[in-house]
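Report on the following structure.
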Amino acid sequence: MASILNEYRYQGEKLDAVSSYQYGPICVAEEYRGRGVGEMLLEYQRKVFDRVIPSSLPLSMC
């Protein structure tokens, strides 16, 4: 993924390994599936990385 980031732009800026955050796949235990665990994890990570990467992609673009 990191090797092709520079082929993409967000808000007119090229993406790279410094200006973006890649993750996944994630694994959610069967008994917790359907409870929004993945979405909560994504939201938490977005809040944390917004401090480091202010223009982080909205969740709908991930």
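Within segment 11-21, does at least one residue satisfy the condition of being of a type in the set (D, E, K, R), modelled with pLDDT of 80 or more, surrounded by 10 or more Cβ atoms within 10 Å (Cβ to Cβ) and in contact with a Cys (Cβ under 9 Å, 6 or more places away or on another chain)? Within segment 11-21 (the criterion being of a type in the set (D, E, K, R), modelled with pLDDT of 80 or more, surrounded by 10 or more Cβ atoms within 10 Å (Cβ to Cβ) and in contact with a Cys (Cβ under 9 Å, 6 or more places away or on another chain)), the answer is no, since none of the residues qualifies.
Within the bounds of segment 37-46, is there any residue that is loosely packed, with under 11 Cβ neighbours inside 10 Å, of a type outside the set (Phe, Trp, Tyr) and modelled with pLDDT of 85 or more? Within segment 37-46, one or more residues are loosely packed, with under 11 Cβ neighbours inside 10 Å, of a type outside the set (Phe, Trp, Tyr) and modelled with pLDDT of 85 or more.
The values are calculated or read from the model by the stated rules, or taken from the named source; none is laboratory data. Fair warning: this is a prediction, and the values are worked out from it, not measured in the lab. Positions of Cβ are generated from backbone atoms using ideal geometry, with glycine treated the same way; all protein chains shown enter the neighbour counts.
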